[in-house]
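J.: I'd like to ask you about the structure that follows.
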Amino acid sequence: MLVLKKPGQAGTVESNDILIAVAPGEAGTGVTINLTSPVEKQFGAQIRTVIGETLAACGVADAVVTANDRGALDCTVRARVETAVARGAE
């Protein structure tokens, strides 16, 4: 299991990208995802699923994630989450 030591961030708010910010969560609280997206009604569940699966694959169990989506593809979301986690874990 990977523990975030500090906040980490990756991405931009440009079109077709997503800004992901991760911060350490309280032990045992799980993952909280705060999503802002113009396509949230259509794709919000998918974006949250990709973020959650990527965090699980990275071994992160407790985190607070703020995502500001601008139409990013799943592969971009995964890359931004992985980078933000790596920056937060040092």
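The values are calculated or read from the model by the stated rules, or taken from the named source; none is laboratory data. Bear in mind the structure is a predicted one, so any value in this text is a computation, not a measurement. Every residue, glycine as well, gets a Cβ built from its backbone with ideal geometry; the counts of neighbours run over all protein chains shown. Ligands, DNA and RNA are excluded from the accessible area calculation, which covers all protein heavy atoms including side chains. Shrake-Rupley method; radii C 1.70, N 1.55, O 1.52, S 1.80 Å.
J.: Just one of VAL50, VAL81 is outside any loop (DSSP other than H, G, I, E, B), at negative phi and touching a residue at least 40 places away in the same chain (Cβ under 8 Å); which is it?
T.: VAL81
J.: Mind checking which residues of the stretch 22-47 are touching a residue at least 40 places away in the same chain (Cβ under 8 Å) and under 16 Å from ARG78 (Cβ atoms)?
T.: VAL22
J.: Here's another thing I want to ask about it. Hey, PRO7 hits all of (1) touching a strand residue (DSSP E or B) at 6+ places or on another chain (Cβ under 7 Å); (2) surrounded by 16 or more Cβ atoms within 10 Å (Cβ to Cβ); (3) touching a residue at least 24 places away in the same chain (Cβ under 8 Å); (4) not charged (D, E, K, R) but one; which does it fall short on?
T.: With (1) touching a strand residue (DSSP E or B) at 6+ places or on another chain (Cβ under 7 Å); (2) surrounded by 16 or more Cβ atoms within 10 Å (Cβ to Cβ); (3) touching a residue at least 24 places away in the same chain (Cβ under 8 Å); (4) not charged (D, E, K, R) applied to PRO7, the lone miss is (2).
J.: Does the stretch 42-57 contain at least one residue that is open to solvent by less than 80 Å² (accessible area, probe 1.4 Å) and either among the charged types (D, E, K, R) or at pLDDT below 95 (or both)?
T.: Scanning the stretch 42-57, I find no residue that is open to solvent by less than 80 Å² (accessible area, probe 1.4 Å) and either among the charged types (D, E, K, R) or at pLDDT below 95 (or both), so the answer is no.
J.: While we're looking at this one, here's another question. Test GLU82 against the criterion of being among the acidic types (Asp, Glu), more than 10 Å from the chain's Cα centre (by Cα) and open to solvent by 80 Å² or more (accessible area, probe 1.4 Å), and give yes or no.
T.: No; evaluated as a whole, the condition is false for this residue.
J.: Can you confirm whether ILE20 is more than 12 Å from GLY88 (Cβ to Cβ) and not in a loop (DSSP other than H, G, I, E, B)?
T.: no
J.: Something else about it: State the number of residues belonging to the stretch 23-47 that are part of a strand (DSSP E or B) and farther than 16 Å from ALA10 by Cα.
T.: Here the count works out to 2.
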